[in-house]
Amino acid sequence: EKGSAPAIPVDPRFDIAYVTPVTIGTPPQTLYLDFDTGSSDLWVFSSHTLASQVRGQMIYSPEKSTTAKLLAGHTWSIRYGDGSGSLGNVYTDNFTVGGVTVTSQAVQTAQQVSTSFTSESDIHGLVGLGFSTLNTVYPNGQLTFFDNAKSQLDSPVFTADLKWKKEGTYDFGFIDETKYTGEITYLPVQTDPGYWTFTSSGYAVGDGSFNQVSISGIADTATSLTYLPTAVVTSYWRQVEGAVNSQYYGGYVFPCSSKLPSFTFGVGSANITIPGSYINYAQITEGSPTCFGGLQSSSGLGINIWGDVALKAAFVVFNGGNPPTIGWARK
Ligand SMILES: C[C@H](Cc1ccc(C(C)(C)C)cc1)[C@H](NN)c1nnnn1Cc1ccc2c(c1)OCO2
């Protein structure tokens, strides 16, 4: 089996996140979810979510699904690195993405969500595509959609082809050769504690020289920006006149009129180049001449994150084989 589903940017002005249509239950209920290789809970806004915390999101109503089954005695609660979070109960039901169906997928129904989720009306939940060890369901952890689907897929892989301010795709079970150029470079993945963690071989700013330095980080489809070591990020923003690391705005800001240099990162003996335009993330407020950078320091996070700003410059293969690996190709 194999399938393909769109990755739709939530806000055409800037790619804060990408959502993908899924159907849950019988008859099928459609929701748009944020596929997240950096977490492992599949949770949705639901008929159980506090009404005051729902603002326009589509919801999953298990009581309207003839195939929904309560997973009695199970609860979940997740806190994301940006401080947001959600919690609730668990059902199993049919879950379909791009034509691939898992018949008894654990679907975590939210009873409560934090304000940042309430205010994102276009995101109706998350689909964790990290390793199932990170799943927060208690007392028994549940498997991700990918772990459940793997055995029925032609190949135990999914790929991410995210695009700058345009619709991209997630493919399941196959590698679409038309989506990339040259070769795919595969790297080993550190699966502990459960992220797609890999080590980049270095970086270059613009057409400057390449700095051979190992940078270990996670490939995270649900993090908008890219967070790298301070030394790397400082050497990038030093090339941009007027760029400052603003305490007030919580990161590097710069004059929107700047022509930003590209950022190249090594993947084995190959490399991926992020165009400068992708690193001009957004105006700090509508109409402001000051813009917020898409490349920020990871010093406060304790982990380096290759988020959408980096991922959308590449075709990425998440290989769930034994052992798991991650593949990168230019496109
Ligand atoms: C933040 C997302 C999870 C999320 C996604 C979307 C949303 C909104 C819908 C409300 C927009 C909130 C949350 C990420 N997913 N793996 C994540 N989950 N746990 N850690 N990370 C990565 C990280 C960690 C720390 C950080 C960060 C990022 O940005 C700023 O500081």
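Please treat every number below as a calculation from the coordinates, not as lab data. Bear in mind the structure is a predicted one, so any value in this text is a computation, not a measurement. We place every Cβ from the backbone using ideal geometry, glycine too, and count neighbours over all the protein chains shown.
Couple of notes before you dig in:
- Residue-count net charge about residue 321 - beta-carbon cut-off 15 Å; Lys, Arg +1, Asp, Glu -1: -1
- Average Cα contact separation per residue, region 1-84, under 8 Å, 6 or more apart, as relative contact order %: 21
- Scattering profile of region 260-321 at q = 0.24 Å⁻¹ [log10 I(q)/I(0), Debye over alpha-carbon scatterers]: -1.13
- Ignoring lysines fewer than eight residues from residue 166 along the same chain, the ones with Cα atoms less than 21 angstrom from its Cα are 179, 312, 331.
- When every Cα-Cα distance of region 132-243 is counted in 10 angstrom steps from zero, the calculated P(r) takes the values 10, 29, 37, 17, 6, 0 percent.
- Here the calculated FRET efficiency for residue 286 and residue 119, from their Cβ-Cβ distance with R0 = 22 Å, stands at 0.85, rounded to the nearest 0.05.
- Counting only lysines at least 8 places from residue 64 when in the same chain, those with an alpha carbon closer than 30 Å to its own are 2, 150.
- When only alpha carbons are used to place a centre, region 141-187 and region 234-271 end up 29 Å from one another.
- Placing +1 on the Cβ of every Lys and Arg and -1 on the Cβ of every Asp and Glu, with no other charges, gives the chain a dipole of roughly 260 debye about its Cα centre.
- Calculated P(r) of the chain - Cα pairs past 32 Å, %: 28
- Inter-part distance where region 279-295 and region 105-127 are each reduced to a Cα centre, Å: 27
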